[in-house]
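Heads up: the structure comes next, in structure tokens.
The values are calculated or read from the model by the stated rules, or taken from the named source; none is laboratory data. The shown structure was predicted, so the numbers you read here are calculated from the model rather than taken from an experiment. Don't worry about glycine lacking a Cβ; one is built from the backbone with ideal geometry, like all the others, and counts go over all protein chains shown. What goes into the accessible areas is simple: the full protein's heavy atoms, side chains included, and nothing from ligands, DNA or RNA. Shrake-Rupley method; radii C 1.70, N 1.55, O 1.52, S 1.80 Å.
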Amino acid sequence: MDRTRTKVVKIGDRVIGGGNPILIQSMTNTKTEDVAATVAQIRALTAAGCDIVRCAVPTAEAAEALEKIKKQISIPLVADIHFDYRLALAAIAHGADKIRINPGNIGSKDRVRAVVDAAREKNIPIRVGVNSGSLEKELLEKYGGVTAEGLVESALSQVALIENMGYDNLVISIKASDVCMCARAHELIAEQTDHPLHVGITEAGTLYSGNIKSAVGLGIILYQGIGDTIRVSLTGDPLEEIKSAKRILKTLGLRQGGVEVVSCPTCGRTQIDLIGLANQVETMVQDIPLDIKVAVMGCVVNGPGEAREADLGIAGGKGVGLLIRKGEVVKKVPEGELLQALREELLKLQKN
């Protein structure tokens, strides 16, 4: 699929679709009514690389808080609405840059129309979100349970409802916790619509299992050219979602920037604490704005060759280590000075 086929949609001061860069989203887990806590978390997410942030709006107070929150942040703010269409109206009135609804649980057609009319007046996008856990009863019966085909039919019927009301400033999301089902659903819907797609594996799980499921699912989907924004949904600190999303995009060649750390698996030749060293290097480079690859190798015998494709590398041996540039040994240093030698070389690259 050609990503340029999707429509361009503006969310605040950002644009998605039409081949524009894939943007990273996350969602706050603070109480939206707590403006100070929510703003603090959004600022931290922004610093980590979040492009668009979503807040739950379960109460009128939360909707009102959006206005105060928006004044203190620098990325677009999306209101997440379920069940009560009046909360969607309030969120729009208080400055949401986009709203996320499932028209199927908002209520009557007149209520959906009221939300659409309010969005049209402000010209803000509506994200039509369908999850495997909220599939309509008739579709469950038609397909014998939750299926990719059912998810697509549900989403497209909700989109058609809004389009028939004369509004097409839309983004679609169809999420499932089943990775293969989710991937198949995106393949199907990408053939049937040109609206931008927000992609993610819903309820993916904890930091460990959620990262694996998200990497596999998003990898399959994005590799096919499908997707305009992504969220890695994890049960944990939202900052971890941003780290994972950035790594997934970089691994697929869809985002540049940031140091990539590669390291060898340990083996019987390893004579240093390679695991500890690799983790130290990964932590050290997180805030270094270089688009390079750094290798951490545990063997001075094979290290230079294995690190040949990296811009910089270090390889440890018993009591001594090597600093490597493009596969060539730059110098030998005492094992305990390897990390510092690498840091100094990175700083030189930054200055240049």
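State whether one or more residues within the stretch 223-230 are part of a helix (DSSP H, G or I) and open to solvent by 50 Å² or more (accessible area, probe 1.4 Å). So far as the stretch 223-230 goes, yes, one or more of its residues are part of a helix (DSSP H, G or I) and open to solvent by 50 Å² or more (accessible area, probe 1.4 Å). Just one residue in the set ARG43, ARG14 is open to solvent by 60 Å² or more (accessible area, probe 1.4 Å), out of contact with any His (no Cβ under 7 Å at 6 or more places or on another chain) and within 29 Å of GLY225 (Cβ to Cβ); that residue is ARG14. Scanning the stretch 197-222 for residues that are assigned to a helix (DSSP H, G or I) and either under 14 Å from ILE52 (Cβ atoms) or open to solvent by 40 Å² or more (accessible area, probe 1.4 Å) (or both) yields LEU207, TYR208, SER209, ASN211, ILE212, LYS213, ALA215, VAL216, ILE220.
Filtered by the rule that a residue be more than 19 Å from MET284 (Cβ to Cβ) and open to solvent by 10 Å² or more (accessible area, probe 1.4 Å), the stretch 249-267 gives THR251, LEU252, GLY253, LEU254, ARG255, GLN256, PRO265, THR266, CYS267. Here LYS332, LYS246 are screened, and the one residue that is among the charged types (D, E, K, R), closer than 30 Å to SER173 by Cβ, touching a strand residue (DSSP E or B) at 6+ places or on another chain (Cβ under 7 Å) and open to solvent by 70 Å² or more (accessible area, probe 1.4 Å) is LYS246.
Take the conditions (1) open to solvent by 10 Å² or more (accessible area, probe 1.4 Å); (2) out of contact with any His (no Cβ under 7 Å at 6 or more places or on another chain); (3) not aliphatic (A, V, I, L, M); SER154 misses just one of them, which is (1).
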